[in-house]
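Readers should treat all values here as calculations from the given coordinates under stated rules, not as data from a laboratory. If you're wondering where the values come from, they're calculated on a predicted model, not measured in any experiment. Reconstructed Cβ throughout: ideal geometry from the backbone, glycine too, with neighbour counts over all protein chains shown.
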Amino acid sequence: MFKNYNPLFYLTLVIYLLIGVYLSINTGISHDEYHEQLNWEINLKSIKDFFSTGTYQDLIEYKDKYHGIGFNIISQPFQLIFKDLISNYLDLGEYVSILLSKHIIVFTIFFISGIFFYSICRILFEDKKFSIISLFIYYLYPYLFGHAHFNPKDIPFLSFWIICTYFLIRIFKNINNDKIINFKILFYLALSSAILVSIRIVGILIFLQYFIFLIVYFENTNKKIYNFIKLNRLNFTYFFLITASFTLVMNPIFWHNPIEIFNSIKWMSKYKQDICTLTLGDCMKSLNLPSSYYFIWLFFKLPILIIFGLLIFPIIEKKILNSNLNKIFIYSLIITVFTILILFIFFNVAVYDEIRHVMFLVPLLFLVSLHNLYLFNKRIFSYLGSIIIIFFIFENFTINPYQYTWMNSFSKFYNINKTFEADYWGISNKKLYSSINEHSIQNDINSDVCVFGDLYSSAFLENTKLNCFKSYGQLDAEKNRPFYVLKNVRNFKRSDPKNCEIISLENYHYSFSNQKINVGSAWYCD
């Protein structure tokens with residue numbers, strides 16, 4: 001993919017990867033990571049049970065049995081390798097080291113996705129310089145860069161969606177040049193598709209993208225779809241068998257009854273997480289979202305340059321028509337994005353925590369927008385893109401480790417704390433626990449003093465003198481003092497504990513903004 005490039009370019013990629021890995025292991029633990037590890041452990045035990053007894057009742061009765069383990073299959077061997085290194089380096093217990101070691105793999109797969117993103121740009125632009133600028137806009141976009149440090153579900157899903165899209169475009173490029181479909185590329189597409197479905201069942205929507213590409217291609221060429229299907233029926237058969245086989249292997253819940261795939265779709269589309277996400281001042285319920293939810297968050301999350309690139313589509317549409325193949329790719333991506341959003345809205349799919357569940361659409365919007373900007377005036381937008389990269393570097397430095405909460409400058413016209421969701425992942429837990437631990441050592445606090453907070457964060461207590469942890473919900477009933485309180489995630493919106501002193505407060509500022517974004521606090525109640 002990268003041949004005959006300046007050594008400085010390779011060095012920049014290596015530095016980016018190393019910095020990303022370093023930041024990833026020095027961040028907190030998100031609330032999904034405990035559940036992801038538990039999903040893996042239950043599935044692993046059930047796989048062993050299935051081969052020894054022919055059944056796995058624990059998995060069948062498990063509430064989150066439909067959570068895929070595709071990325072766990074990839075990450076777990078690396079987690080076992082890295083956990084001891086992290087434990088020694090950060091002086092942490094075994095369990096929290098296992099969770100943090102996954103961060104390395106999450107960031108690495110995001111880094112790899114960037115290589116495929118760049119390769120798609122090279123096909124669309126045929127301009128090395130603009131493609132490199134596009135790559136670093138993608139790499140340094142704070143929202144994705146922040147998620148890439150810890151998000152074990154959405155980033156791998158997004159990454160494999162990009163990988164699938166690259167192989168899909170390669171196949172159609174070969175078809176357009178009257179070349180035979182390369183079996184190796186077909187195999188990679190099938191494997192990537194299966195991994196995508198095994199990470200999240202909503203990954204089946206990638207086949208909708210394949211279908212859209214197929215329809216758009218034959219609507220804009222002189223070729224006949226019937227002849228194409230007839231000539232490639234063997235390839236379609238191979239693709240179906242390979243995809244189905246890998247999907248089955250990587251989803252143990254389907255083993256006892258393949259019909260479970262339909263139960264999985266039904267269950268996950270209405271996942272019982274009845275929480276609300278603060279959206280433009282309204283707390284929007286995940287199980288009853290207005291259609292405006294998606295467009296509000298996309299408007300405030302996408303970089304302004306990307307939004308501008310999407311808006312100029314009517315202006316540059318005629319230029320797209322000059323390149324029939326690019327027209328097919330761009331139109332297919334646009335139709336894919338809007339079709340998926342319409343399906344989510346129509347079926348009232350349960351979505352929460354900003355746009356994390358449709359995050360995989362963001363790179364597709366980037367590709368469309370950057371292509372529009374390239375056609376409009378590549379010189380002007382090469383300069384603007386370079387400025388955006390510099391701004392993103394500065395912004396990432398300023399708000400680390402809370403880049404995933406990043407919003408564009410439009411949000412600065414509002415009181416962000418009262419208008420939008422803040423630290424919905426709870427990454428503030430690492431620094432807050434460090435402050436609690438330091439306070440307990442300095443003041444010689446007994447080891448039986450409890451910490452009240454979110455249970456998924458308790459892993460940070462493994463190597464501390466404190467060994468009592470309770471959920472935040474138990475705080476109101478607590479009568480015995482002293483104790484510690486950790487307020488973050490959605491608990492941060494609750495009232496402060498009474499008659500307690502604050503130990504530490506986690507907050508940050510966006511660039512060119514005086515607003516202080518509060519994400520967490522630690523308290524001592526004596």
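Counting neighbouring Cβ atoms within 10 Å and putting the fewest first, the residues LEU278, LEU144 line up as LEU278, LEU144. Here the extension length gained between TRP255 and PHE410 equals 50.9 nm, from 0.36 nm per residue of separation less the Cα-Cα distance. Out of every Cα-Cα pair in region 457-526, what percent are more than 20 Å apart? Of all Cα-Cα distances in region 457-526, 36 percent exceed 20 Å.
Working ranking of peptides 75-86, 185-196 by packing, defined as the average number of other Cβ atoms within 10 Å per residue, highest first, is 185-196, 75-86.
A straight Cα-to-Cα reach below 22 Å connects LYS223 with the lysines LYS173, LYS179, LYS327, residues fewer than 8 places away in its own chain not being considered. Shape annotation for the chain: C-alpha extents along the principal axes are 79, 62, 48 Å, from largest to smallest. Annotation: extensible slack from ASP91 through ILE380 equals 99.1 nm (criterion: 0.36 nm per residue apart, minus Cα-Cα distance). Spacing of the modelled spin labels on PHE78 and LYS418, each 7 Å from Cα toward Cβ, amounts to 4.4 nm.
Reducing region 498-526 and region 115-143 to their Cα centroids gives an inter-centroid distance of 37 Å.
Could you list THR279, THR405, THR12, THR237 in order of exposure, starting from the residue whose Cβ has the fewest other Cβ atoms within 10 Å?
So the ranking, lowest neighbour count to highest, is THR237, THR12, THR279, THR405.
Of the residues ILE120, ILE320, ILE98, the one with the fewest other Cβ atoms within 10 Å heads the list, and the complete ranking is ILE320, ILE98, ILE120. Under 19 Å from a label point set 7 Å out along the Cα-to-Cβ vector of ARG494, the amide N atoms of region 250-291 belong to 274-278. Compactness check for region 333-398: Cα Rg over 2.2 N^0.38 Å is 1.44.
Within region 457-526, the chymotrypsin sites (Phe, Trp or Tyr not before Pro) that combine a DSSP coil assignment with at most 13 other C-beta atoms in a 10 angstrom radius are PHE512. If R0 equals 22 Å, the separation of the Cβ atoms of LEU231 and THR339 corresponds to a calculated FRET efficiency of about 0.20. Report note on the peptides 264-275, 357-368: ranked by the mean count of other C-beta atoms within 10 Å, highest first, their order is 357-368, 264-275. Return the FRET efficiency for the residue pair ILE185, TYR10: r is the Cβ-Cβ distance, R0 is 30 Å, and the value is rounded to the nearest 0.05. That gives a FRET efficiency of 0.75. Computed over the chain, the per-residue total of -39500 (n - 2.57) for DSSP H runs of n ≥ 4 gives a 222 nm mean residue ellipticity of -19500 deg cm²/dmol, rounded to 500. Computing FRET efficiency as 1/(1 + (r/R0)^6) for ASN507 and TYR22, where r is the C-beta to C-beta distance and R0 is 22 Å, gives about 0.45.
Applying a 4.7 Å cutoff between beta carbons, the unpaired cysteines of the chain are CYS121, CYS164. Of all DSSP bridge pairs formed entirely within the chain, close to 75 percent run antiparallel. Shown here for region 97-205: trypsin sites (Lys or Arg not before Pro) in loop regions (DSSP other than H, G, I, E, B) with at most 10 other Cβ atoms within 10 Å, namely LYS179.
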